[in-house]
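Before any comments, here is the structure.
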Amino acid sequence: MNPLSNPAFKVERVAAWFIILAITIFCLNYFSNFLQPLVIAVMIWYSVYELKRLLSKIKIKGKSLPIWLLTIFAFVIILLIFVGIYELITLNLELIIKKSPEYADNFKIWISGLQTLEGFSEIQERIISRIQEFNAQPLLTGLLNSLTSIAGNTIVIIIYVSFLLVEEKFFYKKLHAFSSDTEKQQRIDTVLAEITDAIRKYISVKTQMSLLTGLISYVILLMFKVDFPVLWAFLIFLLNYIPYIGSFVATFLPAAFAMFQFQSFLMLFWVFVVIQAVQFLVGNVLEPKIMGRTLNLSPLGVMLALTFWGIIWGVLGMFLSVPITSVMLISFSRFESTRFIAVWLSETGDLNMETKK
């Protein structure tokens, strides 16, 4: 009798998966203070790895630079980029915090003027009173404090990245040491190559499309004369990495700010509509044509992953939801015991799409 057809075996298997899932969720949540800096370090290491790969194509007198020198150059460039991003956000947030009382006072005066119009019911007046009482300064200050907290982990993250760079050259050697079976070693190499290629193309295309969206949005914000266009354009670029809700939030933020700045609901409407149109054209027309079905991820699976990682790790989890789901899909599809998970995570159920391309 085939043990796989035994009902008791199936129940035990399902129970085992639930236990594994529960333990995983507990560990991700309980050890988040340790794991999040480590994950950020892995992201920086991967960025250094990819930049080093690109820099290695530069030839001086027909020769590439030494690996150690390429590693230093790539690490310094990535570090400067992160420092520049941090300075850009904190500087603009500080300016907004300073000017927020001015925006709030102007908005309250404008709302008070609306109350004199006919047709405002008692419910609408209550809503207006709540808007008048709203103070964005504590929210902005809290965001600034969060950034400061992240910066406090900078030394730890840099140490992690340094060790990852040192361990990098021994990575494949250690993986192959797990088994002397050449076939298993080749399977591991194949899976890692597929994961690397899929994530590389996703990040490359997503970065290009997000950069295009951010640049066009910057021009639009300049045309509408919205304050802090560089900050809003950068946030649009950054939040585009979060599927579905990221583009909406990125569009709503400058539109809502324009309403406070110009004391006009019409300004909110036009800024939101124009930037959202750019988001739609780039994200739903241009990006799918360039990226195709490289990741082969189910939209429902992506949405569930976005919700799950958002609950577990907040904004960082939302950024990582697509790459993590892609890694799970490719890895699970290579083992019979986990293949059913890969099928549900895939868009079409066809797990051979990557090998056919």
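The values are calculated or read from the model by the stated rules, or taken from the named source; none is laboratory data. In this text the structure is predicted, and so the values were computed from the model without any measurement. Using ideal geometry, Cβ is built from the backbone for each residue, glycine included, and neighbour counts are taken over all protein chains shown. The accessibility values were calculated without ligands, DNA or RNA, using every heavy atom of the protein model including side chains. Shrake-Rupley method; radii C 1.70, N 1.55, O 1.52, S 1.80 Å.
How much area per residue is accessible in the range 243-340 when the probe is 1.4 Å and only protein heavy atoms are counted (Å²)? Before the final figure, lay out the partial values.
Values: 4670 Å² over 98 residues.
I get 48 Å² per residue for this part.
Rounded to the nearest 20 debye, what is the charge dipole size of the range 154-282 about its Cα centre when +1 sits on each Lys and Arg Cβ and -1 on each Asp and Glu Cβ? Please report the intermediate quantities before stating the final value.
Working: 9 positive and 8 negative charges, 16 e Å.
I would put it at about 80 debye.
Order the peptides 16-29, 313-326 from the highest to the lowest mean number of other Cβ atoms within 10 Å of their residues. Walk me through the numbers on the way to the answer.
On the way: 16-29: 11.1, 313-326: 20.0.
Going from most to least packed, we get 313-326, 16-29.
Averaging the inverse of every distinct alpha carbon separation and then flipping it gives the Kirkwood radius. What is it for the range 1-101, in angstrom units? Working shown, then result.
Details: mean 1/r = 0.0533 Å⁻¹.
Averaging 1/r across every pair of different Cα atoms and inverting gives 18.8 Å.
In a Debye calculation with equal point scatterers on the alpha-carbon sites of the range 283-346 and no solvent, what is log10 I(q)/I(0) at q = 0.23 Å⁻¹?
-0.98
In whole Å, what are the Cα extents of the range 195-248 along the three principal axes, biggest one first?
Principal axes ranked by extent give 43, 19, 13 Å for the Cα atoms.
In square angstrom, rounded to the nearest 10, how much accessible surface does Ser64 have for a 1.4 Å probe?
50 Å²
Could you sort 81-89, 265-273 so that the peptide with the highest average Cβ count within 10 Å comes first and the rest follow in order?
Working: 81-89: 13.1, 265-273: 16.0.
Ranked by mean Cβ neighbours within 10 Å, highest first: 265-273, 81-89.
Let me check something: with ligands and nucleic acids excluded, how do Tyr244, Tyr218 order by accessible area (1.4 Å probe), largest to smallest? Numbers along the way, then the final one.
Details: Tyr244 115, Tyr218 75 Å².
Largest accessible area first, the list is Tyr244, Tyr218.
Tally up the carbon and sulfur contribution to the accessible surface of the range 302-344 as a whole percent, 1.4 Å probe, everything protein left in place. Please report the intermediate quantities before stating the final value.
Values: 1600 of 2000 Å².
Here it works out to 80 percent.
So who's got an amide H within less than 5 Å of the one on Leu297, skipping anything under 5 residues away but keeping other chains? H placed 1.01 Å off N, in plane.
Glu347
With the calculation restricted to Cα positions, what are the radius of gyration and Dmax of the range 196-335 in angstrom?
16.3, 58
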